[in-house]
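Scroll down for the structure; my scribbles are underneath it.
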Amino acid sequence: MIRKLPSYIANQIAAGEVVQRPESVVKELVENAIDAGGDTVEIIIAGAGKNLIQVIDNGSGMSEEDVLLAFERHATSKIETVEDLQAIKTFGFRGEALPSIASIAQVELKTRRAEDDVATYVRISGGEVEEMTKAQAEVGTSITVKNLFFNTPARRHFLKSNSTEFRHISDTVQKYVLAYPNIHIKFSSDGQVILDVAPGTLLERVTALFGEKIASSLIEVEERTDTLSVSGFIGRPNFARRTRGHQFLFLNTRPIINRSINHAVFKAYEHLLDPNSEYPMYILFLNVDTRMVDVNVHPQKLEVKFSDDRHVYNLVQAVVRQGLYQHDLTPSLQFRGQNVAGERRTIRGTGRVDDSDDWEFPMKEEKASHPSSGPGYRERTVLTSPHDREEMEKSINELFQSLDEKITGTTGRPVEQGELLVDKEILADTMPDTHMLWQLHNKYILAPIKSGLMIIDQHVAHERILYEKALHMMENALPFSQQLLFPHSVRIVPGDFTLLEELRPDLERMGFVLRLEPPNFVTVEGVPQDVRVGMEERILEELLEQFKEYHALENTDQRDNLAASFGCRAAIKSGDKLSPAEMQMLIDQLFATKMPYVCPHGRPIVIKLSLAELDRRFGRTS
């Protein structure tokens, strides 16, 4: 039997697409506030938005008649005709956000137009209007959302921790801070002001969010055609990130995600960045004729469809490439030391004193003039035939199948956490002769073993060593720190600051010595002894970025993620030249770990090439 669903059920179904978490509510309400035309927007949350979300604007407000209509499905002031749908200039247009939110929360709205003497107040719970009256209020709209998902507890159960939900909200607010530098935006959480940015330029907004060091490293780009313009900032190659967290794309000031444009940007950095581990920072604004783009292809309007994707791709790539090659890409080697004049400088707006000075020494960054050279080039081993590839894969698979059998035993019993994983017989058979070591392309270590040749990936080998060390220190609370002669102060975004507060106890067990200064400053006074020389200033930032990337893969064990993140970021890299003594120490430490054959995420550390295989390849019979 086909029945028409009651409105409250239909609204809850719609809410499943529109409202996925507290961040979704913040996004919809902030967009409504911007659409209302105000120049001030205040965002207040409590309990990471689970308990309270309030957005206040000084925009146009609504009449009493419009208030109730605003909570009806498909009621909107943004479009009237099909032609309007083909030229969307506002954030909202479907008329689904407010009824969806009201169906799964307790909502209070107070709004007043400039021509009205009093405001209209309405209170709705679970989609039902409980009260509507007149009230006193300033011109504009204030909407409060309490107890999100109170009547759908199963959905509330799927929310993440408060720190995770707060980071999502903070990241979203950050986008609108960048997109609308002309609007005063204030953001508070649990009574603490996180952001309070007055109207200014885009560069001032970037500085407020990421600090002067990053802002000064950006390259401004701009290009206009008859139908499309591209403007904004791109990062210099030497400020590339390890994740995509600092990439912002706006279409007609709407934050969007677009893989094609992201690829166009990365293509422009070809031969300047490692395509496997480095991502450029960018803040790009695309302005397109609204008739050439469809914003109605995604439930949350995050993705769009262009009528001419190729034209947009080519222009973005050309603009970014032109910006890169018209500027000096020389990175700066910075030393933090005592200010020469002995001056003490106050960092504006923080009350903090900066005793340090930056000394810069130019270090020319090479550009590749040919696809087979330069920092972006990576040598590849070519297996000449399918048979060769199958044979190599077979030998590797046989090696690890053999190791698996010896590690788990004949019963296949899973290994208990903390027990020695590798049998001593395996170690005896595979331990390399550390008196005869070679480094291949500053990436792999070659060592003879009883049965042939062992090839060791130096980066993942060190990653495994540091991973197990970090776990051991966290579990036993025996930190070993090296104090920094000059403590390093860094500004981080509010979401990262909250994450840092959550991770701080385990970070200190690992050997970090931190001083937190809310809402977004941290001073690193000491680091673990295993941090490489030159990494002291960057290690914490890269550790947080890597932790968020691993966390996104749904690995919920915090300590394991933290240890793996530290191992990945603090380990020696491919391309680092090692002395014979360093190679010997690395191998000795590797084979003292519980599992020297794979990294924390399953990548192989060692590959063995047997004498029998070499004999077969050379046609030897004895």
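The values are calculated or read from the model by the stated rules, or taken from the named source; none is laboratory data. Worth saying up front: this structure is predicted, and the values here are computed from it rather than measured. Virtual Cβ from ideal backbone geometry, glycine too; neighbours counted across all protein chains shown.
Return the residues of the range 95-118 that are in a strand (DSSP E or B) and in contact (Cβ under 8 Å) with a residue 40 or more places away in the chain; say none if nothing qualifies. Matches in the range 95-118: Q106, L109, T111, R112. For the range 283-335, the set of residues classified as in a strand (DSSP E or B), modelled with pLDDT of 75 or more and surrounded by 15 or more Cβ atoms within 10 Å (Cβ to Cβ) consists of I283, L284, F285, L286, N287, V288, V293, F306, listed by residue number.
When you check P181 against the structure, is it closer than 30 Å to N252 by Cβ, free of Cβ contacts under 8 Å to residues at least 40 places away in the same chain and touching an Asp or Glu at 6+ places or on another chain (Cβ under 9 Å), yes or no?
Working: closer than 30 Å to N252 by Cβ: yes; free of Cβ contacts under 8 Å to residues at least 40 places away in the same chain: yes; touching an Asp or Glu at 6+ places or on another chain (Cβ under 9 Å): yes.
Taking the combined requirement at face value, the residue satisfies it.
Looking only at residues in the range 566-597 that are touching a residue at least 40 places away in the same chain (Cβ under 8 Å) and charged (D, E, K, R), which one is nearest to E508 (Cα to Cα)? Going through the qualifying residues, I end up with R569. Regarding the range 461-469, can at least one residue be identified that is in contact (Cβ under 8 Å) with a residue 40 or more places away in the chain, basic (K, R) and within 27 Å of L578 (Cβ to Cβ)? Yes: the range 461-469 contains one or more residues that are in contact (Cβ under 8 Å) with a residue 40 or more places away in the chain, basic (K, R) and within 27 Å of L578 (Cβ to Cβ). Within the range 260-278, the set of residues being assigned to a helix (DSSP H, G or I) and among the hydroxyl-bearing types (S, T, Y) comprises just one member, S260. Residues in the range 208-222 that are in contact (Cβ under 8 Å) with a residue 24 or more places away in the chain and of a type in the set (D, E) were compared, and the one that is nearest to L251 (Cα to Cα) is E222. For D506, the criteria (1) closer than 30 Å to L178 by Cα; (2) in a helix (DSSP H, G or I) hold in every case but one, which is (1). Within the range 130-151, restricting attention to residues that are surrounded by 17 or more Cβ atoms within 10 Å (Cβ to Cβ) and β-branched (V, I, T), the residue that is farthest from L52 (Cα to Cα) is V139. For the range 208-234, the candidate set comprises residues that are closer than 28 Å to Y550 by Cβ and in contact with a Lys or Arg (Cβ under 8 Å, 6 or more places away or on another chain); within that set, the residue that is modelled with the highest pLDDT is L218.
Residues of the range 444-469 being part of a helix (DSSP H, G or I) and touching a helix residue (DSSP H, G or I) at 6+ places or on another chain (Cβ under 7 Å), which ones? Talk me through it step by step, then tell me what you get.
Of the residues in the range 444-469, the ones part of a helix (DSSP H, G or I) are 458-469.
Correct list: Q458, A461, H462, E463, R464, I465, L466, Y467.
Of the residues examined, V522 is not one that is within 24 Å of I572 (Cα to Cα), in a strand (DSSP E or B) and in contact (Cβ under 8 Å) with a residue 12 or more places away in the chain. If you filter the range 470-497 down to residues that are in contact with a Phe, Trp or Tyr (Cβ under 9 Å, 6 or more places away or on another chain) and in a helix (DSSP H, G or I), you find that the one that is nearest to G245 (Cα to Cα) is G495. The set of residues in the range 21-72 being assigned to a loop (DSSP other than H, G, I, E, B) and either without any contact (Cβ under 8 Å) to a residue 12 or more places away in the chain or more than 18 Å from A114 (Cβ to Cβ) (or both) consists of R21, K50, N51, F71, E72.
Within the range 97-122, the set of residues being surrounded by 17 or more Cβ atoms within 10 Å (Cβ to Cβ), more than 34 Å from the chain's Cα centre (by Cα) and either more than 14 Å from L29 (Cα to Cα) or of a type in the set (K, R) (or both) comprises K110, R112, R113, A119, T120, Y121, V122. Being in contact (Cβ under 8 Å) with a residue 60 or more places away in the chain, surrounded by 15 or more Cβ atoms within 10 Å (Cβ to Cβ) and more than 20 Å from N520 (Cα to Cα) is a condition met by no residue of the range 189-207. At least 1 residues being acidic (D, E) is the threshold, and among the strands (runs of 3 or more DSSP E) wholly inside the range 172-259 those reaching it are 192-197, 218-224.
Reported count of residues in the range 146-168, each being part of a helix (DSSP H, G or I) and of a type in the set (V, I, T), is 1.
Please indicate, with yes or no, whether at least one residue in the range 237-246 is touching a Leu at 6+ places or on another chain (Cβ under 7 Å) and either of a type in the set (A, V, I, L, M) or free of Cβ contacts under 8 Å to residues at least 60 places away in the same chain (or both).
In the first step, residues of the range 237-246 are kept if they are touching a Leu at 6+ places or on another chain (Cβ under 7 Å); the result is 237, 240.
Of the ones still in play, those that are also either of a type in the set (A, V, I, L, M) or free of Cβ contacts under 8 Å to residues at least 60 places away in the same chain (or both) are 240.
Yes, the range 237-246 contains at least one residue that is touching a Leu at 6+ places or on another chain (Cβ under 7 Å) and either of a type in the set (A, V, I, L, M) or free of Cβ contacts under 8 Å to residues at least 60 places away in the same chain (or both).
When the range 51-63 is filtered for residues that are surrounded by fewer than 21 Cβ atoms within 10 Å (Cβ to Cβ) and under 24 Å from F150 (Cβ atoms), the ones remaining, listed by number, are N51, L52, Q54.
The sole residue among P505, P518, P479, P528 that is of a type outside the set (D, E), within 27 Å of F210 (Cβ to Cβ) and modelled with pLDDT under 90 is P518. Residue count for the range 586-610 under the criterion of being assigned to a helix (DSSP H, G or I) and either exposed (fewer than 14 other Cβ atoms within 10 Å of the Cβ) or within 27 Å of the chain's Cα centre (by Cα) (or both): the result is 1.
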